[in-house]
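Reviewing the structure listed below.
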Amino acid sequence: MNQTSSQVVRDSFARYGQPLPLRRVLIVDDHPLFAQGLAGLLTQSALADTVEVADTVEQAVAVLSGRCSIDLVLLDVSLQGETGLMLLPRMSAHKPPVVVISSSDDETTVRAAQAAGARGFLPKSAGRTALIRMVRSVSRGEDYYPGRRSLSTQIQVLTPRQQDVLALLAQGFPNKRISQSLNLTEHTVKTHLKAIFTHLGVHNRTECVSQARQMGWL
């Protein structure tokens, strides 16, 4: 994207009263080519002044703990064998908005992102226009979950909070991380899990996730 095109994007932000491009964005993704390509698109499109890249949760925590504040985190849901969403409960007092990016846009992944506290979801197949819309929405303090499908009526047997617990359970979260992400006590999480197990007629976490998938709850 040339300089003239970049200026057009900046002018568009200003003309329609949109917030100015973000100062610093952190991409957390363990696929170098994708991360570098996304970083280039953000800067060339004048959506961010500076972009940093981390490929693990630990590296991301280190960047977020640094002196310079981050305005937006773009977080891959799967990182080198760990769940990217584990980053959210580990974020310090300064918590920039997090938008999950994933090659999978199934209901389970989207709901897990919401339950963990992510401000938005952007599939990796999305184009430049969707990226611009996402940055605009999040920089205005809005969530970005366009076209989110409604849950199957079957899952309405669970309460909304139980649905959140189930979504994080399916992402591999242990009870402690679920409690941190949802601001619940571990006892409450265990209570929700017991209720979910009862609804599904299962006895452990593995059976729970498997049965929930078979029933179309995930």
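Overview of values
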quantity: Among the candidates Ala93, Ala126, residue that is part of a loop (DSSP other than H, G, I, E, B), among the aliphatic types (A, V, I, L, M) and at pLDDT below 85; calculated: Ala93
quantity: The lone exception for Ile101 - which of (1) aliphatic (A, V, I, L, M); (2) outside any helix (DSSP H, G or I); (3) closer than 22 Å to Arg161 by Cβ it fails; calculated: (3)
quantity: Which numbered condition Gln163 fails, given (1) at pLDDT 90 or above; (2) within 21 Å of Gly117 (Cβ to Cβ); (3) open to solvent by less than 20 Å² (accessible area, probe 1.4 Å); (4) in a helix (DSSP H, G or I); calculated: (1)
quantity: Filter result for Asp76 (open to solvent by 50 Å² or more (accessible area, probe 1.4 Å) and over 20 Å from Arg161 (Cβ atoms)); calculated: no
quantity: Residue in segment 43-56 that is open to solvent by 40 Å² or more (accessible area, probe 1.4 Å), at pLDDT below 90 and not aromatic (Phe, Trp, Tyr) present; calculated: yes
quantity: Flag for Thr188 being open to solvent by less than 80 Å² (accessible area, probe 1.4 Å), at pLDDT below 90 and out of contact with any Lys or Arg (no Cβ under 8 Å at 6 or more places or on another chain); calculated: no
quantity: All positions within segment 191-204 that are open to solvent by 20 Å² or more (accessible area, probe 1.4 Å), within 18 Å of Leu218 (Cβ to Cβ) and not in a loop (DSSP other than H, G, I, E, B); calculated: His192, Ala195, Phe197, Thr198, His199
quantity: Test for Val138: is it in contact with a Pro (Cβ under 9 Å, 6 or more places away or on another chain), within 28 Å of Phe34 (Cβ to Cβ), part of a helix (DSSP H, G or I) and open to solvent by less than 40 Å² (accessible area, probe 1.4 Å); calculated: yes
quantity: Odd one out for Arg149 among (1) of a type outside the set (A, V, I, L, M, F, W, C); (2) modelled with pLDDT under 90; (3) in a helix (DSSP H, G or I); calculated: (3)
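The values are calculated or read from the model by the stated rules, or taken from the named source; none is laboratory data. This is a predicted model, so every value here is computed, not measured. Every residue, glycine among them, receives a Cβ derived from its backbone with ideal geometry; neighbour counts consider all protein chains shown. These accessible areas exclude ligands, DNA and RNA; they are computed on the full protein's heavy atoms, side chains included. Shrake-Rupley method; radii C 1.70, N 1.55, O 1.52, S 1.80 Å.
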